[in-house]
């Protein structure tokens, strides 16, 4: 009988010890989760990679938050959001893709704003001899390939297509005349990379991407604003967000004076007051 009581006491102590360990472990996990800053997931156009990295660092300095980016072509991002809604913020380099996400019911429409504007430029490898003095000069450059973002997915490619439709080469639009030399890229940074890698490739990218590349490429022609479509970046909070206040605070920061100064350093033109 005494032996049975000792066994019972032993298992009682084992059970109590297990219970204490469980409570302690759960508390530690909860405390660890509470100590981690909230994660803000931002879907952003690839052409914003460098500037938004700096913007995130500035935003995080004064707030317990971690900004995590998903950079890609705006069309690819829009399709991701519409297919599997998640994330907190969408920043598109093209109003049409933002419109599609809005029409699909994935935006908090009241938060939507035009954030920035940009400009197209024609670039070449630094060691090449390509020169341009007018838009029509593109037709006679003799490059092997013309690198552009794929217009089906990449706003920079769509803007380039619209510009080239208005440029005449031998009595036909340059977009058609240069079809056999077009080299579509999945995003504007990939188009830039093609030019960096070969002196036989000319590219059409954003002015800000060419600026970020430094001496790895050479701008041979800034596309006149009157010849090109307006380039607008818009931003909005997604309905899928679980932290709408933090998401809106991030957009407000991008539109603030501090945010605008960061964009300006990278060559963008802020449009903080524009609604769209």
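Things to note:
- When DSSP beta bridges are restricted to pairs lying wholly in segment 120-222, around 60% turn out antiparallel.
- Length-normalised contact order of segment 120-190 in % [C-alpha pairs under 8 Å, at least 6 apart]: 34 percent
- Modelled label reach - residue 168, point 7 Å along Cα→Cβ, segment 212-226 residues with backbone N closer than 20 Å: 224-226
- From helices alone, the chain scores -13500 deg cm²/dmol at 222 nm; the rule is -39500 (n - 2.57) for each run of n ≥ 4 DSSP H residues, then divide by the residue total.
- Extension gain for the segment residue 218 to residue 196, taken as residue separation times 0.36 nm less the Cα-Cα distance, is 7.0 nm to one decimal.
- For segment 210-276, the relative contact order comes to 26 percent (Cα pairs under 8 Å, sequence separation of at least 6).
- Here the Gaussian network model covers the chain, with springs between Cα atoms less than 10 Å apart; of 197, 45, 65, 197 fluctuates the most.
- Between 0 and 90°, nearest 10: helix 188-197 axis offset from the chain longest Cα axis: 60 degrees
- Mean separation of Cα contacts under 8 Å, 6 or more apart, over the residue count of the chain: relative contact order %: 27 percent
- Taking the C-alpha atoms only, the angle from helix 2-35 to the longest principal axis of the chain is near 30 degrees.
- Of 166, 140, 73, the one that fluctuates the most in a GNM where the chain has Cα springs shorter than 10 Å: 140
- Rounded to the nearest 5, the antiparallel percentage of DSSP beta bridges internal to the chain is 60%.
- Residue-normalised convex hull volume from the C-alpha trace of segment 120-222: 81 Å³ per residue.
- Here the label points at residue 211 and residue 243, each 7 Å from Cα along the C-beta direction, are separated by 3.0 nm in the simple model.
- C-alpha long axis of helix 49-61 to longest principal axis of the chain, angle in °: 40 degrees
- Span from the segment 47-61 Cα centroid across to the segment 143-178 one, whole angstrom: 31 Å
- When the chain is treated as a Gaussian network with alpha carbon springs shorter than 10 Å, the biggest mean-square fluctuation among 119, 179, 243 belongs to 179.
- Coarse-grained scattering of the chain at q = 0.10 Å⁻¹, given as base-10 log I(q)/I(0) from a Debye sum over alpha-carbon atoms: -0.58
Where a number appears in this text, it was derived from the coordinates with a stated rule and is not lab data. Predicted model only: the values in this text are computed from it and were never measured. Don't worry about glycine lacking a Cβ; one is built from the backbone with ideal geometry, like all the others, and counts go over all protein chains shown.
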